[in-house]
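Novice: Got a structure here, written out as structure tokens. Questions coming.
Just so you know, all these numbers are worked out from the coordinates, no wet-lab data involved. Bear in mind the structure is a predicted one, so any value in this text is a computation, not a measurement. Cβ coordinates were reconstructed from backbone atoms using ideal geometry, including for glycine residues, and neighbour counts include every protein chain displayed.
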Amino acid sequence: MEDLQKEFGMSYLFIAHDLSVVYHISQRIAVMYLGSMVEIGSADAVYFEPTHPYSRALISSVPEPDPTRRNKKRIVLQGDIPTPLNKPSGCAFRTRCPMAQQSCAEAVPQTVLKNSGALVACPHVG
Ligand code: SF4
């Protein structure tokens, strides 16, 4: 795929759940939850410095083959994924978000440029 990309100057939209593969193949990564984009940025920013609470949980679940880096803490989300046909009000991730606040139920968060250089749909993180 990388050879074809170089030869023909192509772009790919690569959709997968294996984030280590996504990182390997991507220049930019977008993270989606219940059909909405919650974070988008360079592959390095999203993979090594995830900002949105859902991105952090996803990245924390990637198995680490390097034994010297296995001390990272896994974030285990509680609760079930809501149906996309009846999303929670406000931030759709709020029913499973460890940082959820009362205000998260009131409005859908807009994406904002964060310190990592990624656009992130959460007003409560850096
Ligand atoms: S807006 Fe609230 S519920 Fe949504 S990700 Fe941010 S802190 Fe969590």
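Novice: With Kirkwood's inverse mean 1/r over C-alpha pairs for Rh, give me the Rg to Rh ratio of segment 2-120, two decimals please.
Specialist: Checking Rg against Rh, the ratio lands at 1.00.
Novice: Let me ask something additional. For every helix of n ≥ 4 consecutive DSSP H residues, a contribution of -39,500 (n - 2.57) applies; sum these over the chain, divide by its total residues, and give [θ] at 222 nm rounded to the nearest 500 deg cm²/dmol.
Specialist: -5500 deg cm²/dmol
Novice: Right, here's the next one. Report, in cubic angstrom per residue, the convex hull volume of the C-alpha atoms of segment 80-126.
Specialist: 84
Novice: Hey, which lysines would be in cross-link range of Lys73, C-alpha to C-alpha under 26 Å, not counting anything within fewer than 8 residues on its own chain?
Specialist: Lys114
Novice: Follow-up. Which of the trypsin sites (Lys or Arg not before Pro) found in segment 35-100 are in a DSSP loop and have at most 16 neighbouring Cβ atoms, other than their own, within 10 Å?
Specialist: Hits after loop and neighbour filter: Arg70, Lys72, Lys73, Arg74.
Novice: Short version: what are the Cα gyration tensor semi-axes of segment 18-85, square root of 5 times each eigenvalue, largest first, in whole Å?
Specialist: For segment 18-85, the semi-axes come out at 21, 17, 10 Å.
Novice: Positive end of the charge dipole of the chain (Lys, Arg +1 and Asp, Glu -1 on Cβ, about the Cα centre): tell me which of Ser11, Tyr23, Phe93 has its Cα farthest that way.
Specialist: Phe93
Novice: Convert each backbone phi in segment 82-92 into a coupling constant with the Karplus relation 6.51 cos²θ - 1.76 cosθ + 1.60 (shift: θ = phi - 60°), then list the ³J(HN,Hα) values in order as whole Hz, x for Gly and Pro.
Specialist: x, 6, x, 7, 9, 5, x, 5, x, 6, 5
Novice: Using the Cα centre of the chain as the reference point, and only Cβ charges (+1 on K/R, -1 on D/E), how large is the resulting charge dipole? Debye, rounded to the nearest 20.
Specialist: For the chain, the charge dipole is close to 480 debye.
Novice: Using a Cα-Cα cut-off of under 14 Å, which aspartates and glutamates could be cross-linked to Lys6, ignoring same-chain neighbours fewer than 8 residues away?
Specialist: Once the sequence-local aspartates and glutamates are set aside, nothing remains near Lys6.
Novice: Relative contact order of the chain: what whole-number percent is it, with Cα pairs under 8 angstrom and at least 6 residues apart?
Specialist: In percent, rounded to a whole number, it is 23.
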